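Nothing in this text is a laboratory measurement; each read-out follows from the coordinates by a stated rule. Computed from a predicted model, the values in this text were never measured in an experiment. Cβ atoms come from the backbone with ideal geometry, glycine included; neighbour counts cover every protein chain shown.
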Amino acid sequence: MSWNPELYHKFQEERFAPYYDLIDLISVKEGIEGLDLGCGTGELTKMLSEKLPASRILGIDSSPAMLEQAKDKSAPGLSFELRSIMDIEGEWDLIFSNAAIQWVQEHRELIPKLLSHIRPGGQLAIQIPSNHNHPTQDFILETGREEPFSTALKGWTRSYSVLTIREYSELLYDSEGEDIVVFEKIYPHVLPDSYAVLDWLSGTAILPYLERLPVELHEPFLGVIGEKLKESYPGSPVFYPYNRIFFSAHKPE
Ligand SMILES: C[S@@+](CC[C@H](N)C(=O)[O-])C[C@H]1O[C@@H](n2cnc3c(N)ncnc32)[C@H](O)[C@@H]1O
């Protein structure tokens with residue numbers, strides 16, 4: 001998918017906030033081997049490596065554009081690699097991921113697989129946006145079903161992989177996870193106006209549509225969604241509550 005690092009970072013403060021809640025779930029240890037799935041431009045991977053003294057942290061991501069910006073953060077004990085979350089290898093003391101695994105389908109298979117790559121005593125710690133029930137997501141879905149977009153998309157619309165917090169807790173328990181923590185939190189973002197909401201969505205949820213639409217339909221697609229947003233959020237500022245799921249579990253010693 002064609003990620004745009006500049007657009008993604010437009011809401012850096014809001015997007016980083018859940019990272020601190022995720023970090024709080026980690027049992028800080030020294031000298032461990034950690035893997036950051038979907039590390040993006042690497043800022044958070046760097047912050048993670050600074051939290052874990054004398055550790056070796058590898059950030060993986062499938063977007064060359066995002067990784068290009070991560071490269072300059074490489075340091076002793078911190079490296080980055082172009083690799084899909086689906087292709088992880090090896091054993092790790094920590095598998096960590098902030099706002100990335102929602103792009104991978106089949107979480108009922110993914111979560112046990114991730115735990116199988118964790119060493120005894122190690123930890124899985126994940127944050128995933130769970131805002132797929134927000135009305136703005138319906139605007140994207142609905143617009144994808146309208147013409148001329150539906151024909152250009154050959155009827156494709158995005159399906160969401162995110163499960164409920166109860167299902168994540170069950171998956172962790174069934175995969176022999178211990179010290180299970182699972183919760184959902186709302187971040188009460190306040191954005192200047194509906195255009196800012198469109199910018200937010202253009203940096204993430206709209207991307208899979210743009211990737212599949214011909215370039216000449218990008219502006220019209222964004223225009224239709226923009227109109228729907230303007231109608232729903234005519235004022236300023238716009239309250240944009242954003243749900244996120246957190247979960248963590250340890251592998252038995
Ligand atoms: C919303 S960004 C999050 C980046 C970073 N973790 C952060 O919190 O700032 C999602 C990242 O997941 C990556 N991604 C999506 N699907 C992936 C996959 N199958 N394998 C590896 N990375 C993936 C994207 O390229 C993107 O950089």
Ordered by residue, what ³J(HN,Hα) values in Hz, to whole numbers, does segment 37-46 give under the Karplus form 6.51 cos²θ - 1.76 cosθ + 1.60, where θ = phi - 60° and Gly and Pro are x? 7, x, 6, x, 7, x, 4, 6, 5, 5
Sequence-distant residues sharing a close amide H with HIS189 (under 5 Å, placed H): TYR240, TYR242
For THR41, the residues 5 or more places away or on another chain with a placed amide H closer than 5 Å to its own amide H are none
Taking every DSSP beta bridge that has both residues in the chain, what percent is antiparallel when rounded to the nearest 5? 50 percent
Can you give the three extents of the C-alpha atoms in segment 1-56 along their principal axes, from longest to shortest, in whole Å? 35, 21, 15
Among the listed pairs LYS46/LYS185; LYS71/LYS251; LYS29/LYS73; LYS113/LYS154, those beyond 27 Å (Cα-Cα): LYS71/LYS251; LYS113/LYS154
What list of ³J(HN,Hα) couplings, whole Hz, do you get for segment 155-171 from phi and the Karplus terms 6.51, -1.76, 1.60, once you set θ to phi - 60° and write x for glycine and proline? x, 6, 9, 6, 9, 9, 8, 6, 9, 8, 5, 5, 5, 5, 5, 5, 4
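Can you tell me the dipole magnitude for the chain around its Cα centre, using point charges on the Cβ only (Lys, Arg +1; Asp, Glu -1), in Debye to the nearest 20? Let's see the in-between values first.
Values: 22 positive and 39 negative charges, 19 e Å.
The calculation lands at about 100 debye.
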So what are the ³J(HN,Hα) numbers for segment 230-235, from phi and the Karplus equation (6.51, -1.76, 1.60; θ = phi - 60°), rounded to whole Hz, Gly and Pro as x? 5, 5, 7, 10, x, x
